[in-house]
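Asker: Let me begin by handing over the structure; questions about it come next.
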Amino acid sequence: MFFILQHLLSLILFVPAVGALIVLRLPQDDENLLRWAAFILSLFPLGFALLLWARFDPNQPGFQFEEVAPWFTVINAGYHLGVDGISVPMVLLTTLLTPLAILFSFSIKEKVKAYMVLFLLLEAGMLGVFMALDLILFFLFWEVGLIPMYFLINIWGSANRQYASFKFFIYTMAGSVGLLLAIQTIGIALGSFDMVNAINNWPAFSDFIYGISPQTVRAIAFWAFTIAFAIKVPIWPFHTWLPDAHTEAPTAGSMILAGVLLKLGAYGFLRLVLPLYPAEAQTFAIVLGVLALMAIVMGALASFGQNDFKRLVAYSSVNHMGFVVLGIAVAAYVRGSGDPLNGIIAANGAVLQMFNHGLSAAGMFLLVGVIYDRTHTRDLNEFGGLFPLAPVYGGLLIFTSMASLGLPGLNGFVSEFMVVRGAFAVPAFTLITALSMIGLLMTGAYILKGIQKVLHGPVNPKWVGHSLEISTREIISIAPLLALMLIIGIWPSWLVGVINAAVTRLMG
Amino acid sequence: MNFPFLTIITFTPLAAGLLILLFPAERKDEVRVTALAAAVIATALSLFVYFTYNSAAGGYQFIEKYDWVPQFGISYHVGVDGMSLPLVLLTSVVMLTGVLISWGLDDRPREFFAFLFILATGVFGVFVALDLFHLFFFYEIAVFPMYLLIAIWGWAKTREYAAMKLTLYLFIGSVVSLVGALAMYYTSGLNTFDMLRLAEANFSPEFQRLWFPFVFFGFAILGGIFPFHNWSPDGHVAAPTAVSMFHAGVLMKLGAFAALRVGIMLLPEGARFHMPWIVLLTLVNVVYGSFIAMVQKDLKYMIGFSSVSHMGLVAMAFTTLNREGYVGAGLQMFSHGVMTALFFACVGMIYDRAHTRMMPELGGISKKMPWVAVAFIIGGFTSMGMPGLSGFVAELPIFLGVWKAKAVDVSGYPQWLSWLANMAQQPWYFPAIALISAIAIVVTAAYVLRAVQKVFFGEISPEHDHHVGDVTVLDKTALSILVGLMILIGLYPTIMAPLIETGVMPILKLLKVA
């Protein structure tokens, strides 16, 4: 037990990677063995994450469960892991969604082995980002997560997968080049890539770098970080890769993409941009806020305009992640000022919204996948009146949609309310917040449009006689998500307590 | 250490090559087994030397020195340091994997392996040389068999042209550097070719500035530096698979290494003076090379140009004159060697079975050759500098080095170049170069993904579906060795980086920047 606690983060990180190797050694044709092996192996990180949750002390300042080991000594980059109250919920979310996505993927028939291996590697990459405390290590995992996702879309995706996967990869890669160059600049200036050291020393760094004043370098590096993370979130106008990638990805890929990968960008803002560039973030917070507003409104409008069910859900991610960014922008704006309360509320809302969107987006994509598996179409006009044909499915879809819409009593409401509550009280953001309500209104519209087109109206005779009902395995895959949506909606404080302590410290 | 490890490593291939020639031509299996045995011996010894080298002590180790032509101060003088040791290991690994994947070669394997191994001896000889004459001697041994290997076993369409072009380019290069070397020999007045002594000869700055370009570019031609890179893609493409592996994997390193050993280490003042403008050439290598690779339709040409781009990073690292840059150069030489050997091995395997390398004609190969697909993809990610693989570990320090680099000594530039001297002294000069070369990372990602997409995924043509089969166990072994090295170094750079650092420190002392 002592060993486990000492190396808890490494275990969470490497068990999926080792699991991938194990699956790789299993026989190719025994597909059921491969599926179950991957599923069971992915439960281990979840178990460790729950242990982490239990042992994590929200009130202790700084990072916990830290591990330090020499790694790339020549350039002074180390293996440094640690978690705080912002990363622990994300670790939990990742380790929870991965087994569910794998369970849902039991219906994958082609190249099962490669699929499962990539999925486990993907999990390792994402977890690494949430736990890394070294900039190079952070970047390593940031990029490593790209590769499995590229192949998941490219090999198991639908018709337009090649274009979508290429766009996804190049878009993210282009963003990360700037990030890498900015990280290098920090490393050169400070002589180390350690994140804790950088957080302490970089904001006040006062020497000239490359003959350019530290303020200018920081401003440029700030934008390099911001654009890289903005692409990942994605923030309008960097979002165009997302609808393509989501639409073409296999269902479980979309679940992880929306559920976790988008969070990497938002996490990057909280973990790096705010602490490393407090002054720049404050200066440009309004810009960020306006972009978030655009994401909220345009995302909702675009979503409403879709006739492809999956694209509709994909654009809804742009809309929902906009609230995360709005919360972050508010936090950046009031950080360090005399009265950070509103910022703390907004940042709490942002982190909670990250978690919530992870649940509801994964659930929505799962349900889209279920209906697509049976009808082989995602065209909303092809559906209609399916409720009587698939009553359980209909119930689940309505429940999940309501969580996504932000119905009070379910999780989405809590976090969006917190963001809006925090943002509205800050004078500079009042107008932005007010305008973002248009987006909230449209959220209702597109959610209802989705439900109405699929479940209600006259029954499309085409589907009569088809068995459209959701299977038990699929219900099991979504049940934990539904339970969490309800629990967080009713009693959010178990989660907010952990987040709040970390966010309060972040806000100084 | 009195046991002559380095001599044995150097001459094992030659001995095996001569032995192979004694076999009757039709006994192909004996030839192959002998070749494999020699490669295994060389690899085992290289590994032993690699892991017994004392990093704490640093410097040249495993030294052997015998008089050769004492009248002219020529000696047989070998030794390895942190810079050359990884390259010795690289050579033996490429040799081993080259033999493995050439197992099925049926056209005169006896002569093929004999020439290949003579070439390998030449390469080893250069990497361990501590005597200038010795270095040139083996350098020529390495270049000459290449002509025959390409002209006889090469791709029928271009082999004569490519072999001739390559050989002429490289001979011209070596003649130019030989002139520089002789100038050093006579000017030093020490009557010795011993590089350790020449390094202390205190050549005047004027002398060094005059002769550095001769020596550096003479060798850097083989390293593929712009605008003298043009022989290399043609040569790569025309060569048979194992030779391409050697060629891009090892021979290009030979050029870069000799440019470092002879050019930079013996004429450090010259390096300080000239590097600020040479970096512009390397920038062209890196960026332009990647764009040219992007427009290729022939898979092998694409890889050939990607080598130009990646070797440009090595040369760019040399221009930084700092620790990070040089450590990165050492890592990149090893990493690129492994990666590009892997690429050419994969392309060879595909070509052998599909009889085409044109990307538009290929597709869906991953169904038929899953191992090749996985290996090529991992190699591709290495080449785009994906973290967790050796390419990242190598390119990251290079970029750090370029960011940090400063033009140390440009005061003596002629009047008409004063604008360049002024520009190079600006603090933003090298950072701007780092920024521009970062474009290559994205372009590389694009062309690698495009190639992976076209070749391995999508629809397989009915003709290929019919007759393309999977690769052999030996091929898989070779691919696994190469892929394993890329992952190992990518995840655990400490296995190589500190060693290289011990080799870099003395260089920095010579350059007076440490």
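Asker: In the stretch A:159-177, how many residues are without any contact (Cβ under 8 Å) to a residue 60 or more places away in the chain and more than 10 Å from chain B (Cβ to nearest Cβ)?
Answerer: Within the stretch A:159-177, residues that are without any contact (Cβ under 8 Å) to a residue 60 or more places away in the chain and more than 10 Å from chain B (Cβ to nearest Cβ) number 0.
Asker: List the residue pairs whose Cβ atoms are under 6 Å apart, where the first residue sits in the stretch A:457-473 and is closer than 15 Å to A:Gly384 by Cα, the second is surrounded by 16 or more Cβ atoms within 10 Å (Cβ to Cβ) and charged (D, E, K, R), and the two are 6 or more positions apart or on different chains.
Answerer: Matching pairs, first to second residue: A:Leu468/A:Arg374.
Asker: OK, next. If you scan the stretch B:462-473, which residues turn out to be open to solvent by less than 50 Å² (accessible area, probe 1.4 Å) and either modelled with pLDDT of 90 or more or β-branched (Val, Ile, Thr) (or both)?
Answerer: Matches in the stretch B:462-473: B:Val468, B:Val471.
Asker: Another one. If we scan the stretch B:504-513, do we find a residue that is among the charged types (D, E, K, R), open to solvent by 30 Å² or more (accessible area, probe 1.4 Å) and within 14 Å of chain A (Cβ to nearest Cβ)?
Answerer: Checked against the condition, which is being among the charged types (D, E, K, R), open to solvent by 30 Å² or more (accessible area, probe 1.4 Å) and within 14 Å of chain A (Cβ to nearest Cβ), the stretch B:504-513 yields no hits at all.
Asker: Within the stretch A:142-158, track down each residue that is over 24 Å from A:Leu272 (Cα atoms) and either facing chain B (nearest Cβ under 10 Å) or not in a helix (DSSP H, G or I) (or both). Quick ask: steps written out before the conclusion?
Answerer: So the first thing to find is which residues in the stretch A:142-158 are over 24 Å from A:Leu272 (Cα atoms), and the list is A:148, A:150-158.
If the condition is that a residue be over 24 Å from A:Leu272 (Cα atoms) and either facing chain B (nearest Cβ under 10 Å) or not in a helix (DSSP H, G or I) (or both), then A:Tyr150, A:Phe151, A:Asn154, A:Ile155, A:Gly157, A:Ser158 are the ones that fit.
Asker: Could you tell me which of the residues B:Leu400, B:Leu396 is touching an Asp or Glu at 6+ places or on another chain (Cβ under 9 Å), more than 18 Å from B:Ser307 (Cα to Cα) and surrounded by 24 or more Cβ atoms within 10 Å (Cβ to Cβ)?
Answerer: On the way: B:Leu396 fails: more than 18 Å from B:Ser307 (Cα to Cα).
Exactly one of B:Leu400, B:Leu396 is touching an Asp or Glu at 6+ places or on another chain (Cβ under 9 Å), more than 18 Å from B:Ser307 (Cα to Cα) and surrounded by 24 or more Cβ atoms within 10 Å (Cβ to Cβ), namely B:Leu400.
Asker: Return yes or no: is A:Gln282 surrounded by fewer than 24 Cβ atoms within 10 Å (Cβ to Cβ) and closer than 30 Å to A:Asp373 by Cβ?
Answerer: So A:Gln282 fails the test.
Asker: Quick check on A:Leu435: is it within 21 Å of A:Gly349 (Cα to Cα), modelled with pLDDT of 90 or more and open to solvent by 20 Å² or more (accessible area, probe 1.4 Å)?
Answerer: The answer is yes for A:Leu435.
Asker: While we're here: State whether the residues of the stretch A:159-177 include one that is in contact with a strand residue (DSSP E or B) (Cβ under 9 Å, 6 or more places away or on another chain), assigned to a helix (DSSP H, G or I) and surrounded by 18 or more Cβ atoms within 10 Å (Cβ to Cβ).
Answerer: no
Asker: When the stretch A:365-392 is examined, which residues are found to be touching a Lys or Arg at 6+ places or on another chain (Cβ under 9 Å) and surrounded by 20 or more Cβ atoms within 10 Å (Cβ to Cβ)?
Answerer: A:Phe365, A:Val368, A:Gly369, A:Ile371, A:Arg378, A:Phe383, A:Ala390
Asker: If we scan the stretch A:157-179, do we find a residue that is at pLDDT 90 or above and aliphatic (A, V, I, L, M)?
Answerer: Looking through the stretch A:157-179, at least one residue is at pLDDT 90 or above and aliphatic (A, V, I, L, M).
Asker: Could you grab the pairs with beta carbons closer than 9 Å, sequence gap of 6+ or different chains, first residue in the stretch B:13-28 and under 20 Å from B:Asp107 (Cβ atoms) and assigned by TED's automatic domain parsing to the domain that holds B:Ser92, second one open to solvent by 60 Å² or more (accessible area, probe 1.4 Å) and assigned to a helix (DSSP H, G or I)?
Answerer: Filtered contacts from the stretch B:13-28: B:Ala16/B:Ile41; B:Ile20/B:Glu30; B:Phe23/B:Glu30; B:Pro24/B:Glu30.
Asker: Output the number of the condition that B:Asn230 fails; it satisfies all remaining conditions of (1) modelled with pLDDT under 90; (2) crowded, with 22+ Cβ neighbours inside 10 Å; (3) not charged (D, E, K, R).
Answerer: Unmet condition: (2).
Asker: Quick check on the stretch A:114-131: of everything there that is within 11 Å of chain B (Cβ to nearest Cβ) and either more than 21 Å from A:Ser158 (Cβ to Cβ) or within 17 Å of the chain's Cα centre (by Cα) (or both), which residue is surrounded by the fewest Cβ atoms within 10 Å (Cβ to Cβ)?
Answerer: Within the stretch A:114-131, the match that is surrounded by the fewest Cβ atoms within 10 Å (Cβ to Cβ) is A:Val117.
Asker: Only residues that are facing chain A (nearest Cβ under 9 Å) and aliphatic (A, V, I, L, M): list them for the stretch B:403-433, please.
Answerer: Correct list: B:Ala432 only.
Asker: Here is a further query. So how many residues does the stretch A:141-158 have that are open to solvent by less than 10 Å² (accessible area, probe 1.4 Å) and under 21 Å from A:Tyr79 (Cα atoms)?
Answerer: Residues meeting the conditions: 4.
Asker: Looking at the stretch B:35-49 only, could you name the residues that are free of Cβ contacts under 8 Å to residues at least 60 places away in the same chain and open to solvent by 20 Å² or more (accessible area, probe 1.4 Å)? Give the steps one after another, and end with the answer.
Answerer: Taking the stretch B:35-49 and keeping what is free of Cβ contacts under 8 Å to residues at least 60 places away in the same chain, we get B:37, B:40-41, B:43-49.
Passing the criteria: B:Ala37, B:Val40, B:Ile41, B:Ala44, B:Leu45, B:Leu47, B:Phe48.
Asker: Can you tell me which residue among B:Val286, B:Val295, B:Val262, B:Val327 is of a type in the set (Val, Ile, Thr), in the same structural domain as B:Pro431 (by TED's automatic domain parsing) and within 30 Å of B:Pro414 (Cα to Cα)?
Answerer: Values: B:Val295 fails: within 30 Å of B:Pro414 (Cα to Cα); B:Val262 fails: in the same structural domain as B:Pro431 (by TED's automatic domain parsing); B:Val327 fails: within 30 Å of B:Pro414 (Cα to Cα).
Within the list B:Val286, B:Val295, B:Val262, B:Val327, the selection yields B:Val286.
Asker: Does any residue of the stretch B:450-461 turn out to be open to solvent by 60 Å² or more (accessible area, probe 1.4 Å), within 12 Å of another protein chain (Cβ to nearest Cβ) and either under 30 Å from A:Ala189 (Cα atoms) or part of a helix (DSSP H, G or I) (or both)? Talk me through it step by step, then tell me what you get.
Answerer: Step one: of the stretch B:450-461, the residues open to solvent by 60 Å² or more (accessible area, probe 1.4 Å) are B:450, B:454, B:459.
Retained after the next criterion (residues that are within 12 Å of another protein chain (Cβ to nearest Cβ)): B:450, B:454, B:459.
When the remaining residues are screened for being either under 30 Å from A:Ala189 (Cα atoms) or part of a helix (DSSP H, G or I) (or both), the result is B:450, B:454.
Yes, some residue in the stretch B:450-461 is open to solvent by 60 Å² or more (accessible area, probe 1.4 Å), within 12 Å of another protein chain (Cβ to nearest Cβ) and either under 30 Å from A:Ala189 (Cα atoms) or part of a helix (DSSP H, G or I) (or both).
Asker: Another one. May I ask you to list the residues in the stretch B:51-85 that are part of a helix (DSSP H, G or I) and surrounded by 14 or more Cβ atoms within 10 Å (Cβ to Cβ)?
Answerer: In the first step, residues of the stretch B:51-85 are kept if they are part of a helix (DSSP H, G or I); the result is B:51-52, B:70-72, B:85.
Selection gives B:Leu85 alone.
Asker: Take the stretch A:76-93 and flag every residue that is within 14 Å of chain B (Cβ to nearest Cβ) and open to solvent by less than 10 Å² (accessible area, probe 1.4 Å).
Answerer: So the first thing to find is which residues in the stretch A:76-93 are within 14 Å of chain B (Cβ to nearest Cβ), and the list is A:76-79.
The answer is A:Ala77, and nothing else.
Asker: Output the residues belonging to the stretch B:435-449 that are small (Gly, Ala, Ser), more than 13 Å from B:Ser306 (Cβ to Cβ) and more than 7 Å from chain A (Cβ to nearest Cβ).
Answerer: Result: B:Ser437, single match.
Asker: Can you find even one residue in the stretch B:462-478 that is more than 20 Å from the chain's Cα centre (by Cα), within 11 Å of chain A (Cβ to nearest Cβ) and not aliphatic (A, V, I, L, M)?
Answerer: No, that holds for no residue.
Asker: Turning to a different aspect of this structure: Quick one: what pairs do we get from the stretch B:295-309, first residue β-branched (Val, Ile, Thr), second open to solvent by 10 Å² or more (accessible area, probe 1.4 Å), C-beta under 7 Å, 6+ apart or different chains?
Answerer: Once the first residue is β-branched (Val, Ile, Thr) and sits in the stretch B:295-309, its partners that are open to solvent by 10 Å² or more (accessible area, probe 1.4 Å) give B:Val308/B:His229.
Asker: How many residues are more than 17 Å from B:Thr282 (Cβ to Cβ), under 20 Å from the mean Cα position of the chain (by Cα) and facing chain A (nearest Cβ under 10 Å) if we restrict to the stretch B:381-395?
Answerer: 5
Asker: Can you name every one of the helices (runs of 4 or more DSSP H) wholly within the stretch A:182-279 that holds 3 or more residues which are open to solvent by less than 20 Å² (accessible area, probe 1.4 Å)? Talk me through it step by step, then tell me what you get.
Answerer: Details: elements: A:195-201, A:214-232, A:241-248, A:251-256, A:262-268.
Qualifying helices (runs of 4 or more DSSP H): A:214-232, A:241-248, A:251-256, A:262-268.
Asker: While we're on this one: Has the stretch A:94-107 got any residue that is within 30 Å of A:Asn59 (Cβ to Cβ), under 17 Å from the mean Cα position of the chain (by Cα) and open to solvent by 10 Å² or more (accessible area, probe 1.4 Å)?
Answerer: yes
Asker: So, of the residues in the stretch B:86-132 that are of a type in the set (Phe, Trp, Tyr) and surrounded by 24 or more Cβ atoms within 10 Å (Cβ to Cβ), which turns out to be farthest from the chain's Cα centre (by Cα)?
Answerer: Once the filter is applied, the top-ranked residue is B:Phe113.
The values are calculated or read from the model by the stated rules, or taken from the named source; none is laboratory data. Computed from a predicted structure; not experimentally measured. Cβ coordinates were reconstructed from backbone atoms using ideal geometry, including for glycine residues, and neighbour counts include every protein chain displayed. These area figures cover heavy atoms from the full protein model, side chains too; ligands, DNA and RNA do not enter into them. Shrake-Rupley method; radii C 1.70, N 1.55, O 1.52, S 1.80 Å.
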